[in-house]
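Below: the structure, in structure tokens.
The values are calculated or read from the model by the stated rules, or taken from the named source; none is laboratory data. All of these numbers come straight from a predicted model, not from anything done at the bench. Neighbour counts are summed over all protein chains in view; Cβ atoms, including those assigned to glycine, are modelled from backbone coordinates with ideal geometry. Just the protein is used for accessible areas: all its heavy atoms, side chains included, with ligands, DNA and RNA removed. Shrake-Rupley method; radii C 1.70, N 1.55, O 1.52, S 1.80 Å.
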Amino acid sequence: MSINFLENQVEEIPAVDSSDGEKEETVYLKLCRAVVLAAVFLVPLFFLPWTTSVLEFNKQLLLIGLSGAALILWLLHVVVSGRLIWRPNPVDAAVGSVLAASALATLFSITRFKSLFGLSGSLSESFIVIMALSIIYFAAVHSFQDKGRSAKMVMVTSLCLALLFGLLQLFGLHIFKYLNISIFKFTDSDAFNSVGSINSMGLLGALALPVFYRFQSFKVSIFKYLNIGKVGAFLALALLVILNWWALWVVAIAGMVCLIALESLANRQTENNKFRLARFIFPMTVIVLSVFLMIVNFNLSALKAGLPIEVAPSFGLSGDVALDVLKKSPAFGYGPENFSLAFDKFGASSLANTTLSSAKFFDSTSQMMNFAVSGGIVLLVAIAFLLWVLGAGIFKYLNIETFKYEDAGVVSALAALVVGMFLYPFNLSLMFLFYLVIALTVLALWGSESRVVDVEERASTSLVSSLGFIGGLLLVLVGSYFGATIYISDLKYAQALSSDTNDKAVQLLVESINWNGNDDRYYRAASQVALNLMVAELNKKPANEDRTAKVQNYIASAINLARRATEVGPKEANNWFNLGAVYQNLLGFVDGVEKLSEDAYLRAADLRPGDASYFNQVGSTYLASADLSRRLAAGGGANGARFQTAVGPALDKAEENFKKATEISTNFGWAIYNLGVVYDRQGKVNEAISQLEKIMPFNSNQPGLAFELGLLYYRVGRKDKAFNELQRAVLLSPDFSNARWYLALIHEERQDFASAIEQLEKVLSIEANKDNVEVLAKLKQLKNGQKTIPPKKVTDQKPL
């Protein structure tokens with residue numbers, strides 16, 4: 001039965017019989033297939049050590065390069081031979097619709113550059129990756145004449161090696177450690193693998209199980225005795241048992257159920273294949289094993305103890321974010337790779353009273369929800385169209401008498417991929433596998449329907465092919481140029497982050513910005529380095545003659561760089577937070593920065609509502625301003641009175657913002673503590689005590705907090721509580737000199753000279769205090785039986 005939804009569109013163009021396809025091949029088409037096979041083999045395995053993302057960023061560059069080469073070679077084949085080998089099928093249009101939807105989402109994105117190229121740690125949905133994957137898909141579908149058997153063989157080999165490498169890492173057998181290659185030091189982690197996170201590798205194993213199981217052994221060479229499919233199935237199953245996460249088992253079960261269903265239906269349609277229950281032993285074993293392990297909650301804690309915990313927003317929270325984005329921008333969403341901005345806007349408030357209140361998430365819990373956020377309804381419709389076309393083709397394929405059980409493995413893997421999209425976000429390796437399996441499915445369904453079109457038969461088709469070659473070449477050159485510049489800039493950025501001096505770091509950051517001025521991370525980092533250089537210049541002794549000029553230059557640079565970050569990424573809360581922090585650090589150097597800092601922090605709070613840290617920072621800015629004014633007023637001078645009058649309003653602003661922070665997050669310890677500090681400065685000691693008592697039960701192991709609370713207790717006459725808190729402080733930190741100092745003074749007040757002397761002697765036993773004049777004088781006084789408390793007060797004595 002022929003399945004060709006596009007047949008009528010192709011008939012008008014003169015075509016050569018498909019049997020002539022082999023004769024029409026050129027060296028360029030053969031090289032195109034070789035490039036596709038190289039991509040199939042390398043993408044799951046590839047990583048390099050030189051960028052901020054050793055996996056995703058390097059895989060992206062590899063994919064851009066190989067897809068560009070495949071496109072040029074395929075176009076060269078068309079131009080040189082004058083023939084177009086084409087395999088008409090409805091999936092091409094569906095894949096093209098996904099690419100078009102991604103292009104529209106990028107065009108209307110709130111951050112176009114990031115949607116176009118992505119960030120180093122989040123690339124799988126960026127337009128350039130979707131385009132590269134689409135090119136690999138088209139090159140595979142329209143260049144392979146063996147129904148994808150060679151691509152399947154390479155894919156199985158690559159996935160098997162990726163799983164083997166990941167399992168060896170998991171068991172502590174770090175290959176690069178034994179090779180003693182220093183630049184690969186990052187591979188010493190048990191959790192490192194060539195796919196991504198541990199769960200990503202587990203998902204890869206679950207997705208590949210059907211392909212592994214139905215893969216036929218090598219027919220040639222020394223590998224014909226190596227059943228790599230069975231090896232891969234064993235490795236995948238072992239990994240799933242170790243991880244034992246329900247989402248991975250659900251994906252594996254989906255693949256196995258589809259495998260059983262396909263083979264059962266196929267047996268009904270064919271006469272030559274007798275129904276054999278033995279075919280289903282492995283799928284049924286996987287299903288039973290998965291259900292059993294989930295029920296008993298099997299846990300290999302010895303292997304998993306050292307693995308990092310993967311934190312992600314819940315399904316409910318991810319869904320809420322996606323729905324809010326669709327309400328605000330229903331057609332195209334926020335744009336590819338902008339989930340973090342959407343989460344800041346619509347999801348951060350849900351974390352206000354958790355330990356993850358300041359966490360930033362770059363993916364939802366589901367790839368489908370990522371698509372909703374990044375592409376809106378248009379992209380979701382395109383994905384649905386793609387899945388519908390594939391489903392319709394598979395359904396009709398079951399009526400074909402030439403059904404192959406090996407094809408059932410590919411189709412089942414596609415079903416598992418679709419289920420996986422609803423349960424986990426896809427990184428670049430998983431997205432590549434998605435497009436590759438689609439291509440293999442098309443080759444399985446329509447692989448025998450190849451046509452050879454003579455493009456030189458008509459002037460119009462010849463012109464189109466020539467223009468297509470020119471356009472394709474320009475596309476590859478532009479994409480390669482920008483991909484290379486972005487890669488080099490990230491390489492410089494990675495070097496700057498690991499540099500040991502500020503001077504070297506700023507030089508590398510300037511180079512990063514020169515290569516790529518559209519990444520706000522570079523400007524944020526450079527602004528902080530400029531502040532570090534300013535501090536280093538101020539700390540130099542003796543002072544240089546041009547110190548003032550240098551300090552002013554660093555101040556201006558820090559401000560300008562931080563501002564530039566907000567211009568490059570105006571929707572990124574981190575950029576405004578960084579600008580606020582820069583202004584905050586310039587208190588005392590630049591007049592009026594309090595208001596500038598507040599405005600920047602409030603802009604960040606508007607982009608990420610529900611995050612109390614921004615109001616805490618505003619409060620901290622005004623609290624620091626009040627303390628600075630107080631110190632300047634204490635110094636006297638002509639402006640002493642002016643500085644003193646500025647203290648009260650600054651404390652009021654600090655109180656206002658700390659209260660806002662505690663209203664958003666009732667257990668935000670820093671804001672509660674800072675509010676207590678403000679009350680202390682305002683003379684509201686009881687209110688200050690009330691704030692510190694709120695956080696004390698959760699910070700009972702903090703000697704500094706016990707010390708401060710003890711002094712506050714003493715100031716309001718609650719001397720027993722003060723004594724207990726100071727004792728707690730020295731119990732937690734035996735070398736806490738100030739806590740022992742005030743304990744000695746309280747003992748003196750109680751006429752317990754022996755205990756007071758004991759505390760003072762312990763203070764002097766600390767190397768840093770052995771020559772402290774004040775402590776020595778007090779010790780001598782007490783040994784002579786003299787006391788000064790009372791009439792003096794304990795809290796009137798300055799700390800050491």
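Listing for the model above:
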| read-out | value |
| --- | --- |
| Shape metrics for segment 553-620, restricted to C-alpha atoms - Rg then Dmax, Å | 11.3, 36 |
| Segment 642-681: GluC sites (Glu not before Pro) in DSSP loop, at most 14 other beta carbons within 10 Å | none |
| Calculated FRET efficiency for the pair Thr501/Leu356, C-beta based, R₀ 60 Å, to 0.05 | 0.95 |
| Cross-link pairs Lys360/Lys595; Lys659/Lys721; Lys595/Lys659; Lys59/Lys345; Lys360/Lys504; Lys492/Lys595 - those with Cα-Cα distance over 24 Å | Lys360/Lys595; Lys659/Lys721; Lys59/Lys345; Lys360/Lys504; Lys492/Lys595 |
| Residues of type aspartates and glutamates that Lys230 reaches as a straight line, Cα spacing below 15 Å, ignoring anything fewer than 8 places off in the same chain | Glu406 |
| Positive-end extreme of charge dipole, the chain - chosen from Ala654, Gly393, Asn427 (charges on Cβ) | Ala654 |
| Point-charge dipole on Cβ atoms (K/R +1, D/E -1) for the chain, about Cα centre, debye to 20 | 1640 debye |
| Potential lengthening between Arg750 and Leu467 on full extension [0.36 nm per residue; Cα-Cα distance subtracted] | 92.2 nm |
| Extension reserve of the Thr485-Lys595 stretch, reckoned as 0.36 nm per residue once the Cα distance is removed | 35.8 nm |
| Cut-off 10 Å between beta-carbons: net charge of the residues surrounding Glu337, Lys and Arg +1, Asp and Glu -1 | -1 |
| Relative pair counts by distance (%), Cα atoms of segment 278-424, 10 Å bins | 10, 26, 27, 25, 11, 1, 0 |
| Largest-first principal axis extents, alpha carbons of segment 614-675, Å | 43, 15, 14 |
| For the chain, calculated [θ]222 nm from helices alone, where every DSSP H run of n ≥ 4 adds -39500 (n - 2.57) | -22500 deg cm²/dmol |
| 1.4 Å probe accessible area per residue over the chain, in Å² | 44 Å² |
| Protein accessible area in the chain, 1.4 Å probe - carbon and sulfur % | 60 percent |
| Local net charge near Ala671, Cβ-Cβ under 10 Å (Lys/Arg +1, Asp/Glu -1) | +1 |
| Equivalent ellipsoid semi-axes, the chain, via Cα gyration tensor eigenvalues times 5, rooted, Å | 65, 31, 23 |
| Degrees between helix 685-695 axis and first principal axis of the chain (Cα, 0 to 90, nearest 10) | 30 degrees |
| Amide H contacts of Val453 (H built 1.01 Å from N, under 5 Å, at least 5 apart or other chain) | Val16, Leu84, Ile85, Trp86 |
| Per-residue ³J(HN,Hα) for segment 176-193, Karplus 6.51 cos²θ - 1.76 cosθ + 1.60, θ = phi - 60°, Hz, x for Gly and Pro | 6, 5, 5, 6, 6, 9, 5, 5, 9, 4, 5, 7, 5, 6, 5, 7, 6, 8 |
| On Cα atoms only, tilt of 428-446 relative to the major axis of the chain in degrees | 10 degrees |
| Sparsely packed GluC sites (Glu not before Pro) within segment 735-794, loop by DSSP, other Cβ within 10 Å at most 11 | none |
| Whichever aspartates and glutamates have a C-alpha closer than 13 Å to that of Lys770, once near sequence neighbours (fewer than 8 apart) are set aside | Asp735, Glu761 |
| Ranked by how many other beta carbons lie within 10 Å on average, peptides 417-429, 144-156 from highest | 417-429, 144-156 |
| For segment 90-136, convex hull volume per residue from C-alpha positions, Å³ | 58 Å³ |
| When the convex hull of its Cα atoms is projected in every direction, mean area for segment 509-556 (nm²) | 3.5 nm² |
| Rough spin-label spacing in nm, given labels placed 7 Å along Cα→Cβ, for Val773 and Glu761 | 2.5 nm |
| Burial ranking of peptide ranges 529-542, 717-730 (average Cβ count within 10 Å, highest at the top) | 717-730, 529-542 |
| Whole-number percent relative contact order across segment 566-644, with pairs defined as alpha carbons under 8 Å at least 6 apart | 24 percent |
| Relative contact order computed over the chain (Cα-Cα under 8 Å; 6+ residues apart), in percent | 13 percent |
| Residue-span extension gain [Ala305 to Asn180] - 0.36 nm each, minus C-alpha spacing | 42.4 nm |
| Helix axis angle, 246-269 relative to the chain longest principal axis, alpha carbon, degrees | 10 degrees |
| For segment 752-757, Karplus couplings with θ = phi - 60° (6.51, -1.76, 1.60), whole Hz, Gly/Pro x | 9, 5, 4, 5, 5, 4 |
| For segment 569-671, the Rg and Dmax computed from alpha carbons only, in angstrom | 14.4, 45 |
